[in-house]
């Protein structure tokens, strides 16, 4: 314990020094503009291979925030890991995680960026399987496989850009538009868990809580979105990317909000709220306001990390039970953590003059300026409504008394942890106003009537929630097993990625028996029955999805047509 | 010295003494050394006839190695491998005469090449022949027995046609399907060697040097994976070995693959085939993952 403490304090000193360096570089680049630090290593076949360190406002500010959060996480994990044997192992792995994130943020040469991009994927596997249970190994392998898909697409991107770019970086020319567009889009979506690739993000909560607060706030999930923001000149040169980003972002945040209403796992609710915020950032990118997306990325990183750490300390005090029904009346037992949760919930909802207020409202106001149809706007307002609901559910589980254990573990937290967490939460209150003062958003003005809609939604929510709580029929429809199954699977996506694909692959075993002997017998005897069996499974699966996806895809088509 | 399990440190100072403790006799080691000497001779041989003789020597030495290392039980099953190899090396001479004197089609030569390597359409003998080989002959058969036919194949002007691209993709696909059904590590490695045949073919397009680079990188990691079968390694290495076999970026095999990819781009390889090759390689990690999952479970 003492050894671990001294170990972490030395590391935290080094990290804070690097963070201050990045803050200094941010001020420098804010005043004098961006510059590139370049060392040419050796010439590559078509383009030179170099270390190209881009220092601008985006990279310096984001790496400062990442280092700040990782500092608090390091200090938090002293108390969290005092009962574990593998503390030092954990610190080294986390160090490599932060290092690969910094590589991803600061370098622009693709061959270097892929090291950081894939270092995140590999190291996150080790972090997720830390507890070595069946659940954690499942989610770890699931995460690394989705990351592997994104990594393959990134290699394809390198191949594409090695044709065109003189420095092996993101470089735009008009000839290979369509493939490049698709590859860039799908590649970044895998890491940021946008629609088809989202189920790894709620699964990744099997990691220890300090790591979840690092992964879900600032490092792993924001990598793809950050690269879009960074290389916006390339990405925005595609015509239809705005529409795709907006529709997928709204849809992602919509179903994440839906499923967080039915979730009783406290940590998973917070993870799903991360997913909905990622959709929100994606929406801001699609509207063309990459600076607003970056702003929301930063504020989201700050409040989500402090929320996760407070929730993690509650979970540690509750004997690592994560079910929210066991947290009844915890506000009196752990007042400090609960107050941190209160503050970060306020920022999450967008309480006035907190940081979430600035970043969220600007995105909403920017949406009024776009030419998207009214249906998407309704979806967006529903998302806000869900945000109110799940943040209220978290608070409700902490304050109200339902049932549960009357004992809890008393963990004396480190003084530095309390200090840093208070600092972080205070910073994330102030950060919104600070960042707004850096960039001028005065162009965005809307009539005051539109501004009233979110508070009106709040009242609507309270009546709705009251009805569901007290009406006998409504509460039974709400908790119907089909609905619960649908949302706990994240709109069947978990089912698709695990059960369905494995069934299709297992049906290939008869196929393999033929092909081990050359495959001639397969083509003579059994190809028809094999294809039939696979297609039967596929069609049955499609029927099970039918109801929901026809609705959603129809709505999306409608949006396309009206647009 | 029963129960002696050599560590990684012991393998750095590998010698006759250590190997004899593991059950290898002197004669087999003599054959192994002679085998590699002949491989080096083969790589320096210029004309067709001398290279053919050296191939015969090499396959003879391989028979001696596997004979001296395997039980009487395994010998009867290994015979499939020898029959196919000797048949194909006879075909080499025969088809050479047919092609050069009677101007037969080059397809005869290609068919013989496919049988010898156990590549996609003609791999009917592959799993039967390889599975019962002991580990050292298994490794030699997977790697160094494939070097001479590929080296000879570079001299034949086949031409990079649509057939070539199709065969690359089919090998990769069939290798993926077969390695999926594996229940033992040996079958997995056999399936993945079918898969890497596709990579070998694509690395031959720029030239023999890029093939050798990929080949040597792959060989090192295959040795490490085969040590896993014999349980000489601490099993914590399994994750790194398999993840580098799958070609994840921070690990060495990725750089070999990246070199091949960049040189393929220079030689105007069709991009669609290239993208499919890269994307299909993402599935390989799924199949390798079974063998490193169990390390991270407590029970």
remark   = All conditions in (1) touching a helix residue (DSSP H, G or I) at 6+ places or on another chain (Cβ under 7 Å); (2) surrounded by fewer than 18 Cβ atoms within 10 Å (Cβ to Cβ) are true of residue B:68 except (2)
request  = Among the candidates A:113, A:122, A:75, A:88, single out the residue that is over 20 Å from the mean Cα position of the chain (by Cα) and either over 28 Å from residue A:428 (Cα atoms) or without any contact (Cβ under 8 Å) to a residue 60 or more places away in the chain (or both).
outcome  = A:88
message = buried (at least 24 other Cβ atoms within 10 Å of the Cβ) and either out of contact with any strand residue (DSSP E or B) (no Cβ under 9 Å at 6 or more places or on another chain) or without any contact (Cβ under 8 Å) to a residue 12 or more places away in the chain (or both): is that true of residue A:244 in this structure?
response = no
ask   = Can you name the residue in the range B:123-135 that is in a helix (DSSP H, G or I) and surrounded by fewer than 20 Cβ atoms within 10 Å (Cβ to Cβ) and, of all such residues, is farthest from the other protein chains (Cβ to nearest Cβ)?
value = B:135
inquiry  = Tell me the residue from B:144, B:163 that is away from chain A (no Cβ under 14 Å), surrounded by fewer than 20 Cβ atoms within 10 Å (Cβ to Cβ) and either under 12 Å from the mean Cα position of the chain (by Cα) or closer than 15 Å to residue B:215 by Cβ (or both), please.
reply    = B:144
task = Answer yes or no: is there a residue in the range B:98-119 that is within 14 Å of chain A (Cβ to nearest Cβ), crowded, with 20+ Cβ neighbours inside 10 Å and part of a loop (DSSP other than H, G, I, E, B).
result = yes
note = Picking from A:372, A:410, A:423, the residue that is surrounded by fewer than 17 Cβ atoms within 10 Å (Cβ to Cβ) and part of a loop (DSSP other than H, G, I, E, B) would be A:410
remark   = If you go through B:168, B:172, the only one that is over 13 Å from the mean Cα position of the chain (by Cα), within 14 Å of chain A (Cβ to nearest Cβ) and within 17 Å of residue B:278 (Cβ to Cβ) is B:172
note = Filtering helices (runs of 4 or more DSSP H) wholly in the range A:125-244 for at least 1 residues that are more than 10 Å from every other protein chain (Cβ to nearest Cβ) and farther than 27 Å from residue A:268 by Cβ gives A:134-164, A:177-192, A:223-230, A:232-235
request  = Would you tally the residues in the range A:257-268 being over 13 Å from the mean Cα position of the chain (by Cα) and either free of Cβ contacts under 8 Å to residues at least 40 places away in the same chain or in a helix (DSSP H, G or I) (or both)?
outcome  = 7
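Which residues, counting only those in the range B:25-60, are part of a helix (DSSP H, G or I), more than 24 Å from residue B:91 (Cβ to Cβ) and touching a residue at least 24 places away in the same chain (Cβ under 8 Å)?
B:27, B:28, B:31, B:32, B:34, B:36
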message = Taking the conditions exactly as written (outside any loop (DSSP other than H, G, I, E, B) and within 14 Å of another protein chain (Cβ to nearest Cβ)), does residue B:85 satisfy them or not?
response = no
task = May I ask you to say which residue of A:356, A:312, A:279, A:346 is assigned to a helix (DSSP H, G or I) and without any contact (Cβ under 8 Å) to a residue 12 or more places away in the chain?
result = A:346
remark   = Expected single match for modelled with pLDDT of 80 or more and within 14 Å of another protein chain (Cβ to nearest Cβ) among A:497, A:523 is A:497
request  = Determine whether the range A:112-120 contains at least one residue that is within 8 Å of chain B (Cβ to nearest Cβ) and touching a strand residue (DSSP E or B) at 6+ places or on another chain (Cβ under 9 Å).
outcome  = yes
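Can you pull out the residues in the range B:247-278 that are buried (at least 16 other Cβ atoms within 10 Å of the Cβ), part of a helix (DSSP H, G or I) and either at pLDDT below 85 or at the interface with chain A (Cβ under 9 Å from one of its Cβ atoms) (or both)?
Within the range B:247-278, B:254, B:257, B:258, B:261, B:262, B:263, B:264, B:265, B:271, B:274, B:275, B:278 qualify.
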message = Among (1) touching a residue at least 24 places away in the same chain (Cβ under 8 Å); (2) facing another protein chain (nearest Cβ under 10 Å); (3) not in a loop (DSSP other than H, G, I, E, B), there is one condition residue B:192 misses while meeting the rest; what is its number?
response = (2)
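The values are calculated or read from the model by the stated rules, or taken from the named source; none is laboratory data. No experiment lies behind these values; they were computed from the predicted model shown. Quick reminder, even Gly has a Cβ in these numbers, built from the backbone with ideal geometry, and neighbours come from all protein chains shown.
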